[in-house]
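*Asks:* Before I ask anything, here is the structure I am working with.
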Amino acid sequence: MLCKTRGIVLHAIPYNDKYSIIYMYTEAFGRASYLVARSRGKKSTVSRALFMPLSVLEMEVEHLNKRDLHRIRETKLCYPLTEVFCNPVKNVLALFLAEVLLRVVKDTEPDQRLFDYLYESIRLLEYADKGVANFHLVFLLRLLHYLGIYPNADSYSAGCYFDMQNGVFVDRVPMHRHYLTREESLFFARLLKISFENMSLYSFSRQDRVGVINRIVEYYRLHLPEFPEIKSLSVMQSLFD
């Protein structure tokens with residue numbers, strides 16, 4: 001069945017000498033995988049150059065529900081990501097965020113709210129000129145909403161501890177080790193107010209930024225048990241040395 005959909009590239013791997021597998025999050029089908037030829041003629045309607053991490057594409061696809069791999073008939077960019085691919089900081093951020101999405105977005109049912117969030121976030125990354133060093137923090141925290149595991153920020157009060165395992169602020173030390181100290185909890189409660197609109201107002205030392213992202217990744221791992229080590233995390237953190 002031929003269908004038109006928009007899709008966001010998450011990852012590409014070689015399948016054999018002739019083909020690559022492109023993992024995508026699509027508007028019409030949720031998570032989907034496509035088989036794309038690794039070399040094409042000049043008249044091809046499918047260019048491998050389009051399949052960079054976080055590229056947003058308009059596609060005509062051959063999609064059969066019982067197949068694991070589908071085909072792309074035609075594709076073009078929804079909007080160019082010149083800055084994302086040429087700016088070294090934005091490029092590494094894109095690689096990191098695409099790797100996270102590859103690990104957490106696995107549903108093969110469409111989710112319009114999630115797709116719209118990803119679509120607009122990638123566009124914002126392309127055009128952002130302030131606070132870019134905080135973009136991934138905002139992205140990961142906002143993404144928690146769409147994964148259904150966003151912390152209960154309203155439960156904070158002075159002197160509380162953040163219970164990472166249960167996603168709430170509590171007035172006494174939890175009976176497990178996955179919690180933030182009072183000082184860390186105050187910091188985290190303030191961090192939950194960060195957004196793409198105000199991210200340029202937040203200033204972190206390298207040590208603080210590394211600590212923040214490690215805590216966010218820990219939160220993901222606690223609530224998504226299959227969440228693996230993110231290989232691009234150390235590369236991204238080295239950008240801000």
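*Asks:* With a Förster radius of 35 Å, plug the Cβ-Cβ distance of residue 208 and residue 13 into 1/(1 + (r/R0)^6) and report the FRET value to the nearest 0.05.
*Replies:* My answer for the efficiency is 0.50.
*Asks:* Still on this structure, I have one more. Can you give the accessible area per residue of the stretch 158-221, in Å², using a 1.4 Å probe?
*Replies:* Per-residue value: 58 Å².
*Asks:* For the chain, find the longest principal axis of its Cα atoms and tell me its angle to the long axis of helix 182-191, 0 to 90°, nearest 10.
*Replies:* The angle comes out near 40 degrees.
*Asks:* Measure off, as a whole percent, the carbon and sulfur share of the 1.4 Å-probe accessible area of the chain, all protein chains present.
*Replies:* Ligands and nucleic acids excluded, carbon and sulfur reach 50 percent.
*Asks:* Check the straight Cα-Cα distances from residue 66 and name the aspartates and glutamates below 14 Å, setting aside those fewer than 8 residues away within the same chain.
*Replies:* Within reach: 109.
*Asks:* Here is a follow-up. Given the C-alpha centroids of the stretch 1-34 and the stretch 92-137, what is the distance between them in whole angstrom?
*Replies:* 17
*Asks:* Let me ask something else. Filter the cross-link list 193/231; 18/76; 4/76 down to pairs whose alpha-carbon distance in this structure exceeds 18 Å.
*Replies:* Cα-Cα > 18 Å for 193/231; 18/76; rest within.
*Asks:* Could you work out the local net charge near residue 178, counting Lys and Arg as +1, Asp and Glu as -1, over the other residues with Cβ closer than 13 Å to its Cβ?
*Replies:* So the environment of residue 178 carries a net charge of 0.
*Asks:* Do the sum for the chain: with -39,500 (n - 2.57) for every DSSP H run of n ≥ 4, divided by all residues, what is the mean residue ellipticity at 222 nm, to the nearest 500 deg cm²/dmol?
*Replies:* -11000 deg cm²/dmol
*Asks:* Return a whole-number percent for the relative contact order of the chain, with Cα pairs under 8 Å and 6 or more residues apart as the contact set.
*Replies:* 16
*Asks:* Further question: Can you pull the one-decimal nm distance between simple spin-label points at residue 89 and residue 175, each 7 Å off the Cα toward Cβ?
*Replies:* Label at residue 89, label at residue 175, 4.6 nm between them.
*Asks:* OK, next. If R0 is 30 Å, what FRET efficiency do you get for residue 74 and residue 127 from their C-beta distance, rounded to 0.05?
*Replies:* Once rounded, the FRET efficiency stands at 0.65.
*Asks:* Give the shape of the stretch 62-187 as rounded, prolate or oblate, defined through the alpha-carbon gyration tensor: a ≥ b ≥ c are the square roots of its eigenvalues, a/c under 1.5 means rounded, and otherwise the shape is prolate if a/b is larger than b/c and oblate if not.
*Replies:* oblate
*Asks:* With the crude spin-label approximation of a point 7 Å out along Cα→Cβ, what separation in nm comes out for residue 235 versus residue 222?
*Replies:* Placing both labels 7 Å along Cα→Cβ, they lie 2.9 nm apart.
*Asks:* Would you please name the chymotrypsin sites (Phe, Trp or Tyr not before Pro) within the stretch 1-108 that are DSSP coil residues with at most 16 other C-beta atoms within 10 Å of their C-beta?
*Replies:* 15
*Asks:* Once the Cβ-Cβ distance between residue 154 and residue 182 is put in as r, and R0 is 22 Å, what FRET efficiency do you end up with, to the nearest 0.05?
*Replies:* 0.75
*Asks:* Still on this structure, I have one more. Quick check on the stretch 36-132: take the gyration tensor over C-alpha atoms, sort the square-rooted eigenvalues as a ≥ b ≥ c, and tell me if it's rounded (a/c under 1.5), prolate or oblate.
*Replies:* In terms of gyration-tensor shape, oblate.
*Asks:* Got a sec? Which residues in the stretch 1-20 would a label at residue 112 touch, if it sits 7 Å along Cα→Cβ and we count backbone N under 17 Å?
*Replies:* So the set is 4-7.
The values are calculated or read from the model by the stated rules, or taken from the named source; none is laboratory data. Keep in mind that this is a model prediction, so the values were computed, not measured. No Cβ is skipped: glycine too gets one built from the backbone with ideal geometry, and neighbour counts run over all protein chains shown. Heavy atoms of the whole protein, side chains included, go into the accessibility calculation; ligands, DNA and RNA do not. Shrake-Rupley method; radii C 1.70, N 1.55, O 1.52, S 1.80 Å.
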